[in-house]
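The block underneath contains the structure these notes are about, expressed in structure tokens.
Please treat every number below as a calculation from the coordinates, not as lab data. Since the structure is predicted, the reported quantities are computational estimates derived from the model, not experimental observations. Please note: Cβ atoms are built from the backbone with ideal geometry, for glycine as well, and neighbour counts cover all protein chains shown.
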Amino acid sequence: MPISAVIITYNEARNIERCITSLQGVADEIIVLDSYSTDETPDLCRQLGVRFLQHPFDGYGQQKNRANAMAQHPWILSLDADEALSAPLREALLAQRERLDDADAYAMHRRTNYCGHWVKHCGWYPDRKVRLFRRDLAQWNTSPVHEQLLLPPNARIGFLNGDLLHYSYYSTDEHRERARKYARLSAQAMKQAGKRAYPWTPYLRAAFKWLRNYILLSGFLDGRTGWDICRISAMETFWKYRFLQRDNHPEDA
């Protein structure tokens, strides 16, 4: 059963070769839809022999749906540029290829590498993701951040052993910068959905986030890595509700 691997990119030179290489021998075609990168991403993709296309970025979900529509095969394997198939996951995919129709989509566990350390707790593992699916049944939503794959309620979801490797952040500064960006986008989406926040909301939500990830989900077992992840995740929650609270009450800004 032929598979199209689909990746969207923007300035992913440090990640894209690892991602594409992990897909070779598993996917029958590899499509990269780039948002006019200014680094070496285009050159690397062309050297690796993928179908390389470009389109202005208008949202994560929109861009992924556009890339899926360019695929030639009925099954889509969707990866982010900072992800790669582990050896066990490659083996599971190859073993399942003759029986893909046993399900409508397949989930897998994602394991994250944070500043050189593999995360085992913090609510980050196991991080179950559906990334292999029938193109005619699925599409990404258009949320401005943390896009989600939409499937019919009765879709049959299979499971593949092996981890999808996620090389997330190379420094805590990068994590903080992206967390603040995601917080702003999430606040905008929440405001559009009619949600509200009050002066005490950011503090309560951030405290609960830290308690959940660091204590209840054993983030402390990841040592300094767990501390940094849980601290910045709590900061992101604080910023998100603080932005929303200020949008609800501009006079408090």
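Under a 5 Å amide H cut-off, with hydrogens placed 1.01 Å from N, Val6 pairs with Ile31, Leu77, Ser78, Leu79 among residues at least 5 apart or on other chains.
Amide H contacts for Asp127 (H built 1.01 Å from N in the peptide plane; partners 5 or more residues away or on another chain; cut-off under 5 Å): Arg110.
The phi-based Karplus calculation (6.51 cos²θ - 1.76 cosθ + 1.60; θ = phi - 60°) puts the 3J(HN,Hα) values of the range 134-149 at 5, 5, 7, 10, 10, 7, 8, 6, 10, 4, x, 8, 6, 4, 10, 7 Hz, whole numbers, x for Gly and Pro. The value of relative contact order for the chain, using C-alpha pairs under 8 Å at least six residues apart, is 19 percent. Electrostatic bookkeeping for Cys19 treats Lys and Arg as +1 and Asp and Glu as -1; over the other residues with beta carbon under 11 Å from its beta carbon, the sum is -3.
With neighbours defined as other Cβ atoms within 10 Å of a residue's Cβ, the residues Met108, Met190, Met1 order from fewest to most as Met1, Met190, Met108. Listed cross-link partners Lys120/Lys195; Lys64/Lys120; Lys129/Lys209 are compared with a 26 Å cut-off, the Cα-Cα value being larger for Lys120/Lys195; Lys64/Lys120. Straight-line reach from Lys240: taking Cα to Cα under 17 Å and skipping same-chain neighbours fewer than 8 places apart, the aspartates and glutamates in range are Glu147, Glu177, Asp252. Using the Karplus relation 6.51 cos²θ - 1.76 cosθ + 1.60 with θ = phi - 60°, the per-residue 3J(HN,Hα) values for the range 5-19 come to 8, 10, 9, 10, 9, 7, 6, 10, 4, 6, 10, 5, 5, 4, 4 Hz, with x marking Gly and Pro.
Using the Cα centre of the chain as origin and beta-carbon charges of +1 (Lys, Arg) and -1 (Asp, Glu), tell me which of Pro2, Asn161, Thr41 is placed farthest towards the positive end of the dipole. Checking the options against the dipole of the chain, the answer is Asn161.
Most tightly packed first, judged by the mean number of other beta-carbon atoms within 10 Å of their residues, the peptides 4-14, 18-28 read 4-14, 18-28. When peptides 147-158, 234-245, 120-131 are ranked by their average number of other Cβ atoms within 10 Å per residue, the highest-first order is 234-245, 120-131, 147-158. Peptides 135-143, 39-47, ordered by how many other C-beta atoms sit within 10 Å of their residues on average, highest first, read 39-47, 135-143. Seen against the Cα atoms of the chain and their longest principal axis, helix 223-248 is set at about 70 degrees. Each part reduced to its alpha carbon centroid, the range 120-144 and the range 160-214 end up 17 Å apart.
Ordering Ala197, Ala87, His175 by Cα displacement along the dipole of the range 59-199 toward the positive end leaves Ala197 in first place; charges were set at the Cβ atoms of Lys, Arg (+1) and Asp, Glu (-1).
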